[in-house]
1. Place a point 7 Å from Cα of Arg289 in the direction of its Cβ. Which residues in region 113-128 have their backbone N less than 16 Å from it?
2. Could you tell me what percent of the accessible area of region 256-309 is made up of carbon and sulfur, with a 1.4 Å probe and every protein chain present?
3. Say each of Leu267 and Val187 gets a label point 7 Å from the Cα, pointing the same way as Cα to Cβ; how far apart are those two points in nm?
4. Taking θ = phi - 60°, what integer Hz values does the Karplus form 6.51 cos²θ - 1.76 cosθ + 1.60 yield along region 283-289, in sequence order, with x for Gly and Pro?
5. Just the accessible area per residue of region 55-198, please: how many Å² with a 1.4 Å probe?
6. Which lysines, on any chain, are close to Lys135 with Cα under 23 Å apart, when same-chain ones fewer than 8 places away are left out?
7. Between Leu93 and Thr152, what FRET efficiency follows from the Cβ-Cβ distance if R0 is 35 Å, with the result rounded to 0.05?
8. What are the ³J(HN,Hα) values, in whole Hz, obtained from phi via the Karplus relation 6.51 cos²θ - 1.76 cosθ + 1.60 with θ = phi - 60°, for each residue of region 202-207 in sequence order, with x given for Gly and Pro?
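The values are calculated or read from the model by the stated rules, or taken from the named source; none is laboratory data. Predicted, not measured: the structure shown is a model, and the values here were computed from it. No Cβ is skipped: glycine too gets one built from the backbone with ideal geometry, and neighbour counts run over all protein chains shown. With ligands, DNA and RNA removed, areas are computed over all heavy atoms of the protein, side chains included. Shrake-Rupley method; radii C 1.70, N 1.55, O 1.52, S 1.80 Å.
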Amino acid sequence: MRPRRSTPSRSRTGTRTREGAGTRTREGTRAGTRASLYGLLLGLLLLGAGLLPAGPAAAADNGTWGVFPTPAAGAAMTDRAYFFHQGEAGSTLSDSVTVLNSSDRELTFQVFATDAVNTPAGGAFALLPVETKPKDVGTWITLAPEAAGTVTVPAKGRKDIPFTVKVPADATPGDHVGGIVALGTAVEGVQQDGKVQVGVRRSVGARLYFRVPGPVTPGLSVEDVRVDRSAPLLPWVQDARATVRYALVNRGNVVVEPKVSVSADGLFGRRVLDRPERELRLTLLPGQRIELTEAWPDAPQSDRVTVRITAGAAAHPDLVSRSETVFVAVPWPALGLLLVLAGAGITVRVLRGRRRAESEQDEAVPDLAGTR
């Protein structure tokens, strides 16, 4: 297979997004500096198990506690499921986040602001763990002094925490995405990995989308299309299977919600795969790259195939990118078996020929002893 250059496309329109989010984090503990570093690294890796996928706007709540934008007086707690603000570079805005305790006992949290990312595999929405320092909108947010340490929320109670967003004077136009997280201080489980113990702590985060006015350029690129294929030992008795892999990259400065179509053509333009355009139900953040896959359970057994990925976004009709790759489908297991059988047949014929020749030579030798 040989990948070809992708064709990114950009348009000059903007978009708005939505969603609240929750996530989990894990933190490593053990005596000794080296073990602590190992625990921290493992905790960051295990964080991925709790990263939430993008979906419709929903309350950030794990059933025990939730994190929400503070509602107006008399409004429902989930009146705003996420934060969305807009401010010029150099401006300062104020808001408030509410931590709601739904349990029958008081809970203590570490509350912090951070940046959002897409997980590299699959593109799930994620808020960075407390161990990772934010570099973007998470650094713009300053929580009220009462949240500087830990925050204790009584049973069936709530805690409102004011915060400010100070936009840097050199902030770039476009979308900046992060969130405010309430991390439970209680270790709810311990996992052993060799000599390292990993404590499991849960967290919930409310997403924050911040738009800095200015030129916005949605950008979406399909890259690195490739095909992994496996063929059965006996072709045309079972289907060949393949996995189409590709990357989506947001090269613009606003979030996009991509939609993708997949097609493949064999020799003479014969269509061997045709999956119509569909939304991926994820939010791709500016500057993020994600790896996605498409299962192909009935791939061609023998053909020269061009696989093409086309991506776009519903909010940006002019935003289209395509990339393709070519691979040759050959039933290698069956071909190998045929070669082995052919080789075995040739070997048998050669051995039989030699034995026949030796037998004929034995019959042609005169019996010298009988002629005396």
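1. 118-123
2. Carbon with sulfur: 46 percent of the solvent-accessible area.
3. 6.4 nm
4. 10, 9, 7, x, x, 9, 10
5. 46 Å²
6. Straight-distance partners of Lys135: Lys166.
7. 0.80
8. Result, rounded to whole Hz: 8, 8, 9, x, 9, 6.
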